[in-house]
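> Just passing along the structure, written as structure tokens.
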Amino acid sequence: MNPTLLRAVSSRLFWPIVMLVILVAINVVAFPDFLSITVTDGHLFGSVIDILRNGAPTFIIAIGMTLVIATRGIDLSVGAVAAISGAVACSILLGSPDPGAVGTVIVAVAAALVTSLVLGLWNGFLVSVIGIQPIIATLVLMTAGRGVAMLITEGQILTVDSAPFKSLGSGFLLGMPVAVVIGAAIFVVAALLTRRTALGMLIESVGINPEASRQAGVRARVLLFAVYTFCALSAGIAGLILTANQTAADSNNTGLFIELDAILAVVIGGTSLAGGRYSLAGTLVGALVIQTLVTTVYTVGIPPIVTMVFKAAVVTAVCLLQSPATSAAVGRLRYRISARTSRVKEAAAS
Amino acid sequence: MTDTREVREHFPADGATPVVEMTGISILFPGVKALDDVSFRLFPGEVHSLMGENGAGKSTLIKALTGVYPIDSGTIVVDGQPVSFTGPAAAQAAGISTVYQEVNLLPNLSVAENILLGREPRRFGGIDGRAMRRRAAELLEGLNLDIDPGSLLGSHSLAIQQLVAIARAINVDSKVLILDEPTSSLDADEVAELFRVIRSLRDSGVAILFVSHFLDQIYEITNRLTVLRNGRLVGEYLTTELLRIDLVQKMIGKELTTLDEIGERAHADAVTADRPADYARAEGLGRKGAIEPFDLVIGEGEVIGLAGLLGSGRTELARILGGIDRADSGQLDIAGARTRLRSPRQAISRRIAYSSENRRSEGIIDDLTVRENIVLALQADRGWFRPIPKKRREELAQSYIQTLNIRPANPDALVRNLSGGNQQKVLLARWLAIAPRLLILDEPTRGIDIGAKAEIQKLVYTLAENGMSVVFISAELEEVLRLSHRVVVLRDRRLVADLENDGLTVDALLALIADGSVDDEAPLAPLGESS
Ligand SMILES: Nc1ncnc2c1ncn2[C@@H]1O[C@H](COP(=O)(O)OP(=O)(O)OP(=O)(O)O)[C@@H](O)[C@H]1O
Ligand SMILES: [Mg+2]
């Protein structure tokens, strides 16, 4: 192996990308026109576009989850927050005389997002002020949240008929599905916000060593509030997309188990659950792997019940490949080779 | 001190075979050749020291021996058998017991559990708790350490944790005992106890490898030395046959002169200078269970040394001044203004920096780079939305890497991959980067080699001359006396004396620290004003 290839192999994104390529290859073999994209009415269509659109909610939540996990935390309540967000939007739409008006939809969406924000502040409060362990703190809202959504919808599945709202889930913008555009926008915002400012470094610092960070003057409390709020906000947005897609708010099923997929996407993307260094690009790849996997299971004709088993297999494989033992082995190989090349260079020089 | 005389007859004894023989060892890390063709021998019944600057490769050589790092070339022979350990446990099983530089114990377990982990005494198939505590108490007594074996390890100071790690290592019957900077945070008394144990193990034929940056200790306890420089072997010497200046010269490759100059200057200052303007004034400042209320005045540009035994309250006092722990009584004026420090953050915004003695758990962020670690406090103070411009970050990192001689000189290196001494320098750089008005240094030179130590002392001194106030804690009294204008003595969590450093000697200070020739009840002289 040559050194460039070796460097690529030891990069955190290497194995997730390999996995993605393998999945795509399987699909291409099964369906030769898997990669083909057609343009109808100026809108893009094709399997790849479907994957992007269907994966968008998970991806959006996974972005928020990445930042939470980077601080050594976790947010189990995202699915419930998504359900609440959808319930709030739908109940406002249904309660208004003109659900199809753009103004009404804006109000409904804004209310849903404000609600999500408040829920995020609640999580942030439990974790940073009260000091409850994140897994427990967010479990509170995970279990209570769907009850809250039920209260809002009065136990009903609220079906709405509102074209502007529906377009959040199935509309197109600039040729791409709206959900994909929203996902891309949130990704860019999160990346700029954390990497162009010092936010990313401070988040990582708190995640790696909270006490040392405190002594260095890092405001852990504010950072925790910020990441949990951002995560809940992204969950709220994902909830709107999911609800718009079904044109119905279903308190029991909207965003069910989506927290698990989001966490998986983060982990596959190489961000450690122990906190610290995170990679938003990795999370993107992770989310794509998960969604492509789900699609593959369908298209190849494996019964959907087995999907979970396949997910488990992929996660296990990626985690094994990213494990310290594997990277140590790769690293050792790397020393050997760089030693050999430098010896050759020395010999050549003399 | 008597032992060095017999060295000649001892080593290398005719026909003696080394218990450990490493030949031609090389280890490469990405971008760093940590060891390059190094050979090393260790004989039964000797105390052998590995010497070298920070980053010379001492810890790496030890880890090569115990299998923590795989070697890229070379051979390791233990007891005549070629070996290649798969890790510390395998080395331990083969009779090589090691205390690594970074104490690796479990803070959430008790002292006794830490000492006997994996070797718990058993009874009826379960762990025999009582026998365990008894055994642990015996071992601690062997080191003359009076702590409750049932207490949580994490509740003890770093020095005690270090001693517990040593107790754990000597619990097993081993032929080789390796101690990587075991004395870096110990006071003279604890060092004496440790040396007593080392001597008795040595006399019973154990081979001991002892790493330390304290030359006094090296000359007191070791028989032979192996010197490394930049990952290469410089040579193997009998301690008695190598003068100190020659040793230093071999370690750093040039001569060292700076240390004594500082002492003379500091001393001259204390005698002639007028009392500087107050920077900080504490009255009755204290915290229950940590430190009794104390009065302390810190002048601008003044260097104050804190002296005291382990647990005397030095660190506790420093932490209150640095805003790490909150005071629950008394008041503090900073630059004339009444101030309450509720968090390190508030202290930092007033340009007060506290550098913890515990660099690993309270100092460095090991998965961030050298550059990120250096700018961290400055950045946190500016706020996340005002990132330090890239160019400025680069300048800061480069300038401190140079000033403090941080190696490897790579701002992108992860701090976890630096040698212990270099990590300490990174931490220091972080605090210097905020341009502090008051710099509180708790054991800042722990694990730092003598060349760098002189440089750091010089730097601190220069900064003090330019108006920065310094509070300085060191287990090394010579260092305290060399740098300080005033020395504050603590005992049993009380401030018991506040003295001008005017003709103070180590012995006088020791007497004060130990038995209190200053009457506890007597009111203290008003600070500074008497002279
Ligand atoms: N895991 C690692 N990855 C990369 N480089 C490493 C690693 N461990 C050590 N090094 C490098 O190897 C060199 C030798 O380090 P080592 O810890 O052996 O020094 P040392 O002599 O023990 O110094 P100190 O006196 O500061 O403890 C240093 O340049 C260090 O940066
Ligand atoms: Mg070392």
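The values are calculated or read from the model by the stated rules, or taken from the named source; none is laboratory data. Since this is a predicted model, take the numbers as computed values, not measurements. For neighbour counting, all protein chains shown are included, and Cβ atoms are generated from backbone atoms with ideal geometry for every residue, glycine included.
> Report those helices (runs of 4 or more DSSP H) wholly inside the stretch B:54-167 carrying at least 2 residues which are out of contact with any Lys or Arg (no Cβ under 8 Å at 6 or more places or on another chain) and more than 16 Å from ligand 1 (Cβ to nearest atom).
B:88-93, B:111-116, B:129-142
> Can you work out which of the residues in the stretch B:168-181 that are over 20 Å from the mean Cα position of the chain (by Cα) and assigned to a helix (DSSP H, G or I) is farthest from ligand 1 (Cβ to nearest atom)?
Checking each candidate, the answer is B:Asn171.
A quick yes/no check of all residues on (1) among the aromatic types (Phe, Trp, Tyr); (2) assigned to a loop (DSSP other than H, G, I, E, B); (3) more than 16 Å from ligand 2 (Cβ to nearest atom):
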site: B:Tyr400; (1), (2), (3): yes, no, yes
site: B:Pro411; (1), (2), (3): no, yes, yes
site: B:Arg416; (1), (2), (3): no, no, no
site: B:Arg446; (1), (2), (3): no, yes, no
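> So in the stretch B:40-53, with the set limited to residues that are in a strand (DSSP E or B) and either free of Cβ contacts under 8 Å to residues at least 12 places away in the same chain or within 16 Å of ligand 1 (Cβ to nearest atom) (or both), which one is nearest to B:Gly421 (Cα to Cα)?
Across the stretch B:40-53, the extreme among qualifying residues is B:Met51.
> Does any residue of the stretch B:377-386 turn out to be part of a helix (DSSP H, G or I), more than 16 Å from ligand 2 (Cβ to nearest atom) and aromatic (Phe, Trp, Tyr)?
Of the stretch B:377-386, the ones part of a helix (DSSP H, G or I) are B:377-382.
Imposing the further condition that a residue be more than 16 Å from ligand 2 (Cβ to nearest atom) reduces the set to B:377-382.
If we keep only those that are aromatic (Phe, Trp, Tyr) too, we end up with none.
No, the stretch B:377-386 has no match at all.
> Quick one: count up the residues across the stretch B:43-101 that are within 14 Å of another protein chain (Cβ to nearest Cβ) and either closer than 21 Å to B:Thr239 by Cβ or more than 16 Å from ligand 2 (Cβ to nearest atom) (or both).
So the count comes out to 9.
> Counting only residues that are of a type in the set (Ser, Thr, Tyr), at pLDDT below 80 and more than 21 Å from A:Gly286 (Cβ to Cβ), how many does the stretch A:1-37 have?
At the first step, the residues of the stretch A:1-37 found to be of a type in the set (Ser, Thr, Tyr) are A:4, A:10-11, A:36.
From the residues that got through so far, the ones that are at pLDDT below 80 too are A:4, A:10-11.
Adding the requirement that they be more than 21 Å from A:Gly286 (Cβ to Cβ) leaves A:4.
Summing the residues that are of a type in the set (Ser, Thr, Tyr), at pLDDT below 80 and more than 21 Å from A:Gly286 (Cβ to Cβ) in the stretch A:1-37 gives 1.
> Oh, and also: Quick one: which of B:Arg338, B:Arg351, B:Arg407 is surrounded by 16 or more Cβ atoms within 10 Å (Cβ to Cβ), more than 9 Å from chain A (Cβ to nearest Cβ) and away from ligand 1 (no atom under 16 Å from the Cβ)?
After ruling out the rest, the residue left standing is B:Arg351.
Conditions (1) modelled with pLDDT under 90; (2) in contact with a strand residue (DSSP E or B) (Cβ under 7 Å, 6 or more places away or on another chain); (3) within 14 Å of chain A (Cβ to nearest Cβ), marked per residue:
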site: B:Pro411; (1), (2), (3): no, yes, yes
site: B:Gln423; (1), (2), (3): no, no, yes
site: B:Gln457; (1), (2), (3): yes, no, no
site: B:Ala464; (1), (2), (3): no, yes, no
site: B:Arg486; (1), (2), (3): no, yes, no
site: B:Val489; (1), (2), (3): no, yes, no
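> Please determine, by comparing only the residues of the stretch A:189-205 that are more than 7 Å from every other protein chain (Cβ to nearest Cβ) and buried (at least 23 other Cβ atoms within 10 Å of the Cβ), which one is nearest to B:Ile388 (Cα to Cα).
Checked the stretch A:189-205; the qualifying residue nearest to B:Ile388 (Cα to Cα) is A:Thr194.
> Can you report the number of residues in the stretch A:231-272 which are within 14 Å of the chain's Cα centre (by Cα) and either among the hydroxyl-bearing types (Ser, Thr, Tyr) or more than 25 Å from A:Val88 (Cβ to Cβ) (or both)?
9
> Is there a residue being within 16 Å of ligand 2 (Cβ to nearest atom) and out of contact with any strand residue (DSSP E or B) (no Cβ under 7 Å at 6 or more places or on another chain) anywhere in the stretch B:187-207? Steps first, please.
Here is the first cut: in the stretch B:187-207, the ones within 16 Å of ligand 2 (Cβ to nearest atom) are none.
No, because not a single residue in the stretch B:187-207 is within 16 Å of ligand 2 (Cβ to nearest atom) and out of contact with any strand residue (DSSP E or B) (no Cβ under 7 Å at 6 or more places or on another chain).
> Which is more than 10 Å from chain B (Cβ to nearest Cβ) and among the polar types (S, T, N, Q), of A:Asn209, A:Asn245?
Going through A:Asn209, A:Asn245 in turn, just one is more than 10 Å from chain B (Cβ to nearest Cβ) and among the polar types (S, T, N, Q): A:Asn245.
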